[in-house]
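The values are calculated or read from the model by the stated rules, or taken from the named source; none is laboratory data. Being a predicted model, the structure only gives us computed values, none of them experimental. Cβ placement follows ideal geometry from the backbone for every residue including glycine, while neighbour counts extend to all protein chains displayed.
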Amino acid sequence: MLAAQVKDFGGPEMLVPVDLPDPVPGPGEVLIDVAYADTIFVETQVRSGWGREYFGATPPYVPGGGVAGVVAALGPDTPADRLGRRVVSFVRGSYAQRAVAPASSLTAVPDGLDLLTAAALVHDGVTATGLLEHTAVGETDRVLITGASGGMGTLLVQLAHARGARVVGLARGEAKLALVRELGADEVVDATDPDWPSRARHALGGTDGAAEVVLDGVGGETGARAFTLTADGGRFSAHGAPSGGFAAVDPAEAELRGITLFGIADVQFDEPTLRRLTASALTEAAQGRLRPVIGEVFTLARAADAHAAVEGRGLVGKVLLRM
């Protein structure tokens with residue numbers, strides 16, 4: 001089968017097409033003919049050599065985690081009704097035409113929902129849905145979302161809007177701001193403006209110009225500045241680090257101000273929670289209430305170009321691989 005493999009740490013050119021043996025499902029497992037594989041920014045960071053203490057990747061390796069496809073074969077002791085199902089799943093090494101997954105990890109794709117859309121939700125849809133649950137966003141909340149035009153940011157905007165919150169989205173440039181507005185943000189703020197925090201305060205409104213919930217998918221200096229906009233007693237989630245690191249937040253200051261902190265560990269879900277959140281995101285999409293924004297779809301052989309596009313940040317929304 002064709003796969004894309006990181007041959008060494010470095011730039012996108014380190015991600016090359018290779019021919020690998022087809023995986024074989026073991027007891028309780030299935031073989032998935034992959035239609036589409038998800039890509040997320042952290043995969044480009046790991047490929048570059050970042051985060052080795054967290055992820056433990058050692059070249060050569062096949063990156064990726066989320067797939068959408070059809071169950072093509074069953075391992076021993078696997079229920080026969082899984083065969084032929086359209087499913088999504090997290091797998092180890094999803095940049096490949098076929099993947100093996102435990103039957104217990106599969107989530108059925110609802111009728112009427114295409115596999116491309118399902119693949120766009122298999123990671124970001126789960127994380128976004130889980131974040132809204134963790135931070136308990138409600139209709140009285142003002143919510144600031146950094147990186148609001150990204151794959152997950154666009155979902156967070158829609159989900160927070162659906163809960164009745166006042167949503168302020170931070171993005172870069174008029175095209176991205178227009179999209180965030182279209183998806184339900186009450187106000188948008190251009191991150192290229194050096195004085196964006198004061199503009200965000202005005203957009204958030206209220207007597208304090210602060211957000212009860214800040215959802216930071218950018219990290220670095222942007223995340224640190226966003227933390228200062230969190231209301232006393234609010235909730236701050238530092239779940240993204242495309243800037244090169246998570247937002248540096250002083251836990252002592254957060255405790256003094258009564259701010260509850262959430263981090264990347266809070267979106268590492270156990271399998272039952274993962275399946276529940278996945279099913280929720282897919283159902284919302286199937287019923288037309290959640291729309292993933294897909295920037296571009298690359299063939300598997302062009303996985304290096306897909307990584308370059310993700311890193312370049314010129315595209316709006318998700319980048320996916322087509323098998």
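Condition check ((1) in the same structural domain as residue 61 (by TED's automatic domain parsing); (2) touching a helix residue (DSSP H, G or I) at 6+ places or on another chain (Cβ under 6 Å); (3) part of a helix (DSSP H, G or I); (4) under 23 Å from residue 286 (Cα atoms)) across all residues:
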{"site": "99", "(1), (2), (3), (4)": "yes, no, no, no"}
{"site": "116", "(1), (2), (3), (4)": "no, no, yes, yes"}
{"site": "131", "(1), (2), (3), (4)": "no, no, yes, yes"}
{"site": "148", "(1), (2), (3), (4)": "no, yes, no, yes"}
{"site": "154", "(1), (2), (3), (4)": "no, no, yes, yes"}
{"site": "169", "(1), (2), (3), (4)": "no, yes, no, no"}
{"site": "176", "(1), (2), (3), (4)": "no, no, yes, no"}
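Residues in the stretch 61-101 that are among the hydrophobic types (A, V, I, L, M, F, W, C) and in contact (Cβ under 8 Å) with a residue 60 or more places away in the chain: 88, 90, 96, 99, 100, 101.
Of the strands (runs of 3 or more DSSP E) lying entirely inside the stretch 3-87, those containing at least 3 residues that are out of contact with any His (no Cβ under 9 Å at 6 or more places or on another chain) and surrounded by 18 or more Cβ atoms within 10 Å (Cβ to Cβ) span 29-38, 66-74.
Candidates are the residues of the stretch 263-292 that are in contact (Cβ under 8 Å) with a residue 12 or more places away in the chain and part of a loop (DSSP other than H, G, I, E, B); the one that is farthest from residue 13 (Cα to Cα) is 289. Per the listing 295, 233, the residue uniquely at negative phi, of a type in the set (Gly, Ala, Ser) and in a strand (DSSP E or B) is 295.
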